[in-house]
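A.B. asks: One structure coming up, written as structure tokens, with questions to follow.
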Amino acid sequence: MTEMKTAIGLMSGTSMDGIDVALLRTDGENRVERGPSYYVPYDPHLRERWKAALEVAKAITERTQRPGDLGMTERVLTLCHAAAVKSFLARNSLRPAEIDLIGFHGQTVLHRPDEGLTVQIGDGPLLARETGIDVVYDMRANDMTFGGQGAPLVPVYHAALSENLPADCVAPVVFVNIGGISNLTFVGRDGMLSAFDSGPGNMLIDQWVEAHGGGSYDKGGRIAATGMVVPALADRYLASPFFSANVRRSLDRGDFLPPALGEVSLADGARTLTHVTAAAILKSASFLPEQPKTYVVCGGGRLNDVIMREFADLAAKQGATVIAAEQAGFDGGSMEAEAWAYLAVRAVRGLPLTFPGTTGVAKPVSGGTWASGKS
């Protein structure tokens, strides 16, 4: 029997709201033991720094470039992750020696799949030195080397979790991650995987609310709940060629932009964008091999009541059920961080991280770069 490893996963997503930390014991295949998780929100000045990095990164033409102050930003971001790991260990009375690996996603600042270019800032060797734990990082790049989109990477973990779904989750089952960008993982009855980005998730809502001084996001969908869907605006988003193209592609933060200020009211804009988030999932799901019967939702979007109601209503019209990850016995907030721990273990074992049905890569490939935490 393959040895189980204890890994910490670190995830900072396109919403740029904080760091998710999760512990996992796994063999990198079907044996998964989920441990504690932790969330560290970013201070507002750090979020502004990460947003500024998106602009600086537009000048990148080769993935190792760090123009302007991006190199220093990468160092600051890495030290934030190191502090999160140390805090997590202390909270759970763990020592670095008890952890085999850290799976480090970093922060995506540029993603141009059509150019074979993806950049996640995050200094793996620095994180390893700071924590004293081996680190696996930069897990998207090799996929692109072999013709993939570089995203999504989480589907292979969803497949492992699908082994433990409750009996009332009727197949086919689709895992939906509603982060800044939403993505789908279809797990067929025969274990077949099909996955792709489905459209904007929380990203447009967050940007819209923040631009109006309403905070960094619409907590629970409270602002959206007071507004109405503006059909012309919703239709404009849903008419994007992204939803009708024959080839599924992964999205960058800049592929969809929020409405212009003054175009609609704050509440109507938030309500319309929540509708777009839900409807986009169903439009993209039409490209799956079969009509889903159960959608299991993880990511921050599952906490937005308006998104979840809208998604459930739209899915019901197609004979499908929508449940939050917690209803299936999972933790919808830590699932992506858990996935990065799982992927790190797969990477050191040389197992594939991505597949033709998930990223469009030419063949199943592994990936990642290893940095030693031993002095």
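The values are calculated or read from the model by the stated rules, or taken from the named source; none is laboratory data. These numbers were taken from a predicted model, which means no experiment stands behind them. Heads up, the Cβs are rebuilt from the backbone with ideal geometry, glycines too, and the neighbour counts pull from every protein chain shown. Accessible surface areas use protein heavy atoms only, side chains included; no ligands, DNA or RNA. Shrake-Rupley method; radii C 1.70, N 1.55, O 1.52, S 1.80 Å.
A.B. asks: List every residue whose amide H lies under 5 Å from the amide H of residue 321, counting only residues 5 or more places away in sequence or on a different chain, with H placed 1.01 Å from N in the peptide plane.
C.D. replies: Amide H neighbours of residue 321: 294, 295.
A.B. asks: Follow-up question, since we're still on this one. What longest range of the chain stays clear of loop-exposed trypsin sites (Lys or Arg not before Pro) (DSSP non-H/G/I/E/B, at most 12 other C-beta within 10 angstrom)?
C.D. replies: That would be 1-188.
A.B. asks: If you don't mind, there's one more thing I want to ask. Read phi for every residue in the stretch 337-345 and hand back ³J(HN,Hα) as whole Hz from Karplus 6.51 cos²θ - 1.76 cosθ + 1.60, θ = phi - 60°, with x for Gly and Pro.
C.D. replies: 5, 4, 4, 5, 5, 4, 5, 4, 5
A.B. asks: Quick one: accessible surface of residue 310, probe radius 1.4 Å, all protein chains present, in square angstrom to the nearest 10.
C.D. replies: Per-residue accessible area (residue 310): approximately 30 Å².
A.B. asks: Report the Cα-based extents of the stretch 124-260 along its three principal axes, largest first, to the nearest Å.
C.D. replies: Principal-axis extents of the stretch 124-260 (Cα, largest first): 46, 43, 33 Å.
A.B. asks: Would you calculate, for the chain, the mean residue ellipticity at 222 nm contributed by helices, counting each DSSP H stretch of 4 or more residues as -39,500 (n - 2.57) and dividing by all residues, to the nearest 500? Mind dumping the intermediate values first?
C.D. replies: Numbers: 11 runs with 122 residues, N = 375.
Taken over the chain, the calculation gives -10000 deg cm²/dmol.
A.B. asks: Cα convex hull of the stretch 136-190: mean projected area in nm², to one decimal?
C.D. replies: About 5.1 nm², averaged over all directions.
A.B. asks: Report the Stokes-Einstein translational diffusion coefficient (µm² s⁻¹, integer) for the stretch 184-278, Rh taken as the Kirkwood radius over Cα pairs, at 20 °C with viscosity 1.002 mPa s.
C.D. replies: Answer from the Stokes-Einstein relation: 149 µm²/s.
A.B. asks: Still on this model: What nm distance separates the two modelled labels at residue 56 and residue 312, each placed 7 Å from Cα along Cα→Cβ?
C.D. replies: 4.4
A.B. asks: Treating the stretch 288-375 as a set of equal point scatterers at the Cα positions, no solvent, please give the Debye-formula log₁₀ I(q)/I(0) at q = 0.14 Å⁻¹.
C.D. replies: -0.72
A.B. asks: How large is ³J(HN,Hα), in whole Hz, for each residue of the stretch 53-60 in order, when computed from phi with the Karplus curve 6.51 cos²θ - 1.76 cosθ + 1.60 and θ = phi - 60°, using x for Gly and Pro?
C.D. replies: 4, 4, 6, 4, 5, 4, 7, 6
A.B. asks: Rounded to the nearest Å, what's the spacing between the alpha carbon centres of the stretch 1-56 and the stretch 209-263? Just the number, please.
C.D. replies: 25
A.B. asks: Here's something else I'd like to know. What is the stretch 23-147's relative contact order, in percent, from Cα pairs under 8 angstrom and six or more apart in sequence?
C.D. replies: 22
A.B. asks: Would you mind computing the Rg to Rh ratio of the stretch 30-119 from its alpha-carbon coordinates, Kirkwood style for Rh?
C.D. replies: Ratio of gyration radius to Kirkwood radius for the stretch 30-119: 1.05.
A.B. asks: Determine the per residue accessible area of the stretch 13-64 with all protein chains present and a 1.4 angstrom probe, expressed in square angstrom.
C.D. replies: On a per-residue basis, the stretch 13-64 sits at 50 Å².
A.B. asks: Tell me, what is the Rg over Rh of the stretch 9-53, with Rh the Kirkwood radius over Cα pairs? Could you put the intermediate results ahead of the total?
C.D. replies: Values: Rg = 14.0 Å, Rh = 12.1 Å.
Across the stretch 9-53, the Cα-based Rg/Rh ratio is 1.15.
A.B. asks: Okay, next question. I'd like the FRET efficiency for residue 43 and residue 97, computed as 1/(1 + (r/R0)^6) with the beta carbon distance as r and R0 of 30 Å, rounded to 0.05.
C.D. replies: About 0.45, to the nearest 0.05.
A.B. asks: Here's another thing I want to ask about it. Can you compute the FRET efficiency between residue 86 and residue 30 using 1/(1 + (r/R0)^6), with r the Cβ-Cβ distance and R0 = 30 Å? Round to the nearest 0.05.
C.D. replies: About 0.45, to the nearest 0.05.
A.B. asks: Could you state, as a whole-number percent, how many of the C-alpha pairs of the chain are farther apart than 28 Å?
C.D. replies: 41
A.B. asks: Starting at the first residue of the stretch 87-101, write each ³J(HN,Hα) from the Karplus equation 6.51 cos²θ - 1.76 cosθ + 1.60 with θ = phi - 60°, in whole Hz, x for Gly and Pro.
C.D. replies: 5, 4, 4, 5, 4, 10, 6, 10, 10, x, 5, 7, 10, 7, 8
A.B. asks: Just tell me which aspartates and glutamates come within less than 17 Å, Cα to Cα, of residue 317; anything on the same chain fewer than 8 places away is out.
C.D. replies: Reachable aspartates and glutamates: 290.
A.B. asks: Same structure, new question: Of the heavy-atom accessible surface of the chain (probe 1.4 angstrom), what whole percent is carbon and sulfur?
C.D. replies: Roughly 52 percent, rounded to a whole number.
A.B. asks: Further question: Expressed as a rounded percentage, what relative contact order does the chain have, with Cα pairs under 8 Å and six or more residues apart?
C.D. replies: It comes to 24 percent, rounded to a whole number.
A.B. asks: Considering amide H positions built from the backbone, and no H for Pro or chain starts, which residues 5 or more places from residue 182, or on another chain, come under 5 Å of its amide H?
C.D. replies: 198, 199, 201
A.B. asks: Which semi-axis lengths, in whole Å and largest first, follow from the square roots of five times the eigenvalues of the Cα gyration tensor of the stretch 45-192?
C.D. replies: Those come to 29, 23, 14 Å.
A.B. asks: Same structure again: So for the pair residue 372, residue 69, with labels modelled 7 Å out along Cα→Cβ, what separation do we get in nm?
C.D. replies: Going from the residue 372 label point to the residue 69 one covers 3.5 nm.
A.B. asks: For residue 110, what residues show an amide H to amide H distance below 5 Å, using hydrogens built from the backbone and excluding near sequence neighbours?
C.D. replies: 119
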